[in-house]
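Worksheet for the structure shown next.
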Amino acid sequence: MFDQTAVFGLCMLPLGRWLGLGFCSMASQSFSSGIHSAAFVTCPNDTVAKEIARGIVQKKLAACVNIIPQITSVYEWKGKIEEDSEVLLMIKTRSSKIPDLAEYVRSNHPYEVAEVISFPIDQGNPPYLKWIGDVVPE
Ligand SMILES: *[C@@H]1O[C@H](CO)[C@@H](O)[C@H](O)[C@H]1NC(C)=O
């Protein structure tokens, strides 16, 4: 069999596409669109962000959490427009882990209503997507 990476690479070339769609769609099935997700969680500060990020990775609820510092959020809360400095977590995991991830954040986050939103990852670097799956159990 072809190495997944090599097959993926070949499908990116005009020759690969010319060889047939079936061949290339078979290769892309190794990392079907949506098997992995990116999730976003806002935190009040760096201390909370690091604590939650470490908990998430330790509990194998995600392979990687990026901490994006100093974002400004404008939102309506209880009828008033608020503006706060926050920190954003960008989380990479298996889509099947999103419910457990959301539950973990709800239980460990200081906000009354914590933001946990996720998006399926359509495509990516195959070895990177494989790594997410290797780190995070199904
Ligand atoms: C970070 O936020 C938490 C929860 O709102 C708060 O208890 C803590 O004092 C804050 N820490 C800093 C360094 O601002």
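Here, each number is a calculation from the coordinates, and none is a lab measurement. Values in this document were obtained by computation on a predicted structure and should not be read as measured data. Positions of Cβ are generated from backbone atoms using ideal geometry, with glycine treated the same way; all protein chains shown enter the neighbour counts.
Once you put a point 7 Å from the Cα of ILE67 and another 7 Å from the Cα of ASP100, both along the Cβ direction, what distance in nm separates them?
Distance between the two pseudo-spin positions: 2.4 nm.
How much length, in nm to one decimal, is gained on full extension between ILE117 and TRP77, taken as 0.36 nm per residue of separation minus their Cα-Cα distance?
Using 0.36 nm per residue and subtracting the Cα-Cα distance, I get 12.6 nm.
Please sort 73-84, 101-112, 54-65 by packing, taking for each peptide the average over its residues of neighbouring beta carbons within 10 angstrom, highest first. Please list the in-between numbers first.
Numbers: 73-84: 8.8, 101-112: 14.7, 54-65: 17.4.
Final packing ranking: 54-65, 101-112, 73-84.
Just to check I understand the Karplus step: with θ = phi - 60° and J = 6.51 cos²θ - 1.76 cosθ + 1.60, what whole-Hz values come out for segment 43-49, glycine and proline as x?
These are the phi-based 3J(HN,Hα) values: 10, x, 7, 4, 4, 5, 4 Hz.
I'd like the FRET efficiency for GLU138 and ASN45, computed as 1/(1 + (r/R0)^6) with the beta carbon distance as r and R0 of 25 Å, rounded to 0.05.
On the way: r = 33 Å, r/R0 = 1.34.
With a Förster radius of 25 Å, E is 0.15.
Please give the peptides 124-133, 89-98 ranked by average Cβ packing (other Cβ atoms within 10 Å per residue), highest first, as a rough proxy for protection. Walk me through the numbers on the way to the answer.
Numbers: 124-133: 15.7, 89-98: 20.6.
In descending order of packing, they fall as 89-98, 124-133.
In angstroms, what radius of gyration and Dmax does segment 54-122 have, counting Cα atoms only?
13.3, 38
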